[in-house]
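A.B. asks: Quick one: the structure is below, questions incoming.
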Amino acid sequence: MIRLSDYLTEAAAEKDRHLTHIEDAVLEGGVTGTRNAIKFLIALRDMFADDGQTLSEAPGSLILRTKFDGAPAIYAGINPENGKFFVGSKSIFAKNAKLNYTEADVRANHSGGLADKLSDALKYLPELGITGIVHGDFMFSKSDLKSETIDGKSYITFRPNTITYAVPAGSRIAQQVQAAKIGIVFHTTYHGKTMQTLQTHFDINVNNFRPSRNVWYRSNKFLDVTGRATLTKAENAKLTGILSQAGSVFRTIPSSLLNQIATNDTYRIHIMSFYNQRVRAGEHMGAGHTAALIKWVGDKYQKGVDDAKLPATKAKRKAERDMVLRWYRQHASDLKKIFQLQNLLIDAKMLLIAKFNMVNDLGTFLHTADGGYKVTTPEGYVAAWSTGGDAVKLVDRLEFSRANFLAVKNWGR
């Protein structure tokens, strides 16, 4: 689990890190991460238990955002160190930061589709009167918009990454989209006196921006004005039962093992890589996959042994293989509990996602193998504390993450 206070440090170190799937907090955050994941789910249950229309966003409270499948990531605003407007990608926090103040900067620092979209952002985003620095997902340029018929209905569509977004042709939002030169969904703000001391906030208020015909923009704030996301008593009881069971399983797993996995790249990366293979295959990790995981790890190490040319190298790799496999076999029963706990968190997450998906004003589709479309849901949701702390994402991995793994991206980085 990535702490917001660590976000800029991670970026400065040029680590391509993302928000953690809430169930992966068990692997990435150890005891603390697991406890916080359960707290997030409890807080979301309580938030929607009575009135989904009212989301408290007082300092320190939980906030919920819709996760848009935009690309690339765009940063824009005023560099506090020189007072100049700039745009950039995630590289603005790298050691050799790439802040683009002019078109020449964009072309010198970037290439391909990324450069084109940053160029558009540099041209049009100053019209919004941005103060501080904002972070958003690029949704479309003018050339990305298409008129398409899906299931007999006319839409204006754009596909920034994996999901195709569609708005009904002739609607007010379609008119706004068609009039715009670019579209961006904003989700994060940064404030501070230097680039290295910026403070991160998820409470962006786009109402402070100046209106611009050239920029279609919105925040990713989740707002249910219909009340459809409110949990029924039965749903509340079911969710409470799942979380209670998750807590019970959590207490049976050795804290030392959870923390060891979180701090040991070898074991954590093995498990998460195998998990991603299961997602690509259309299934979640389960207790029954423990034996398959151990075999998969053994096969990986055996290949290294077989490829070794020198006897000393072969012996060293055999010893490493035996040590790692011994660890997996020693902890096999507890690994089954960890996967059981993750699946309980997934069950809780999916119940909430099903409710959140009932509130959506943009059509979302995935391309099918025959060139058509199928209806899908939004990419997912982000839960965070409004003034810092932990943040996690809630995504239907079998729907969206699998599609994202397999999709061919339609823009150049």
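Throughout, read-outs are computed from the coordinates displayed, never taken from laboratory work. Only a predicted model underlies this, so the values are computations on that prediction, with no experimental measurement involved. As a convention, Cβ positions derive from the backbone with ideal geometry for all residues, glycine included, and neighbour counts pool all protein chains shown.
A.B. asks: I need to check one value: relative contact order of the chain, counting alpha carbon pairs closer than 8 Å and at least 6 residues apart, in percent.
C.D. replies: Reported as a whole number, the value is 26 percent.
A.B. asks: Quick one: pull the percentage of alpha-carbon pairs in region 56-120 with a separation above 17 Å.
C.D. replies: The calculated P(r) of region 56-120 puts 51 percent of pairs beyond 17 Å.
A.B. asks: Another question, then. Dividing the convex hull volume of the Cα atoms of region 152-219 by its residue count, what figure in Å³ per residue is obtained?
C.D. replies: In region 152-219, the Cα hull volume divided by residue count equals 127 Å³.
A.B. asks: Enumerate by residue number the chymotrypsin sites (Phe, Trp or Tyr not before Pro) in region 94-149 meeting two conditions: DSSP loop (anything except H, G, I, E, B), and at most 16 other Cβ atoms within 10 Å of the site's Cβ.
C.D. replies: Tyr101
A.B. asks: Based only on Cα atoms, what mean projected area does the convex hull of region 88-228 have, in nm²?
C.D. replies: If you wrap the Cα atoms of region 88-228 in a convex hull and average its projections, you get 10.4 nm².
A.B. asks: Next up: Cα extents of region 181-250 along the three principal axes, largest first, in whole Å?
C.D. replies: For region 181-250, the Cα extents along the three principal axes come out at 48, 35, 18 Å.
A.B. asks: Note down the magnitude of the dipole of the chain about its Cα centre, charges +1 on Lys and Arg C-beta and -1 on Asp and Glu C-beta and zero elsewhere, to the nearest 20 debye.
C.D. replies: 880
A.B. asks: Which lysines have a Cα less than 25 Å from the Cα of Lys95, not counting those fewer than 8 places away in the same chain?
C.D. replies: Lys15, Lys84, Lys117, Lys193
A.B. asks: Translational diffusion coefficient, Stokes-Einstein: compute it for the chain using the Kirkwood radius over C-alpha pairs as Rh, at 25 °C and 0.890 mPa s, and state it as an integer in µm² s⁻¹.
C.D. replies: 106
A.B. asks: Please give every one of the aspartates and glutamates within straight-line cross-link reach of Lys303, meaning a C-alpha to C-alpha distance under 17 Å, and leave out same-chain neighbours fewer than 8 residues apart.
C.D. replies: Cα-Cα hits under 17 Å: Glu320, Asp322.
A.B. asks: Suppose a student asked you for the relative contact order of region 111-248, using Cα pairs under 8 Å spaced at least 6 residues apart; what percent would you report?
C.D. replies: 23
A.B. asks: What is the packing order of peptides 260-267, 302-309, taking the mean over residues of other C-beta atoms within 10 Å and listing the highest first?
C.D. replies: Taking the mean over residues of other Cβ atoms within 10 Å, the ranking is 260-267, 302-309.
A.B. asks: Identify the trypsin sites (Lys or Arg not before Pro) of region 65-102 meeting these criteria: DSSP loop state and at most 13 other C-beta atoms within 10 Å of the C-beta.
C.D. replies: Here the sparse-neighbourhood loop sites are Lys84, Lys95.
A.B. asks: How do the peptides 201-210, 368-377, 174-183, 113-122 rank, highest first, by the average count of neighbouring beta carbon atoms within 10 Å per residue?
C.D. replies: The packing order, highest mean first, is 113-122, 174-183, 201-210, 368-377.
A.B. asks: If packing is taken as the average count of other Cβ atoms within 10 Å, what order do 40-48, 211-219 fall into, highest mean first?
C.D. replies: 40-48, 211-219
A.B. asks: Which listed residue (Leu223, Asn82, Leu258) has the Cα farthest towards the positive end of the charge dipole for the chain, taking +1 on Lys and Arg C-beta and -1 on Asp and Glu C-beta about the Cα centre?
C.D. replies: After comparing all options, I get Leu258.
A.B. asks: Which percent of Cα-Cα pairs in region 233-353 sits in each 10 Å bin, short to long?
C.D. replies: P(r) for region 233-353, in whole percents per bin: 12, 36, 30, 14, 6, 2, 0.
A.B. asks: Same structure again: Per residue, how big is the convex hull around the C-alpha atoms of region 309-405? Give it to me in cubic angstrom, could you?
C.D. replies: 211
A.B. asks: Can you list the DSSP H helices in the chain whose Cα atoms extend at least 30 Å along the helix axis and whose mean Kyte-Doolittle hydropathy is -1.0 or higher?
C.D. replies: Within the chain the helices that satisfy the rule are 332-356.
A.B. asks: Using the crude model of +1 on Lys and Arg Cβ and -1 on Asp and Glu Cβ, and no other charge, please compute the dipole size for region 274-369 relative to its Cα centre, in debye to 20.
C.D. replies: 540
A.B. asks: Suppose R0 equals 41 Å; then what is the FRET efficiency for Trp296 and Val375 from their Cβ-Cβ distance, rounded to the nearest 0.05?
C.D. replies: E(calc), rounded to 0.05, equals 0.75.
A.B. asks: What do the square roots of 5 times the Cα gyration tensor eigenvalues come to for region 16-163, in whole Å, largest first, as semi-axes of the equivalent ellipsoid?
C.D. replies: Values for region 16-163, descending: 32, 24, 17 Å.
A.B. asks: Using square roots of five times the C-alpha gyration tensor eigenvalues, list the equivalent-ellipsoid semi-axes of region 266-311 in whole Å, biggest first.
C.D. replies: Result for region 266-311: semi-axes of 25, 10, 9 Å.
A.B. asks: I've got another one for you. Quick one: if you take sqrt(5λ) for each eigenvalue of the C-alpha gyration tensor of region 286-357, what semi-axes come out, biggest first, whole angstrom?
C.D. replies: 37, 13, 8
A.B. asks: Next up: Which entries in Lys336/Lys374; Lys90/Lys300; Lys153/Lys355 show an alpha-carbon gap greater than 31 Å?
C.D. replies: Over 31 Å apart, Cα to Cα: Lys336/Lys374; Lys90/Lys300.
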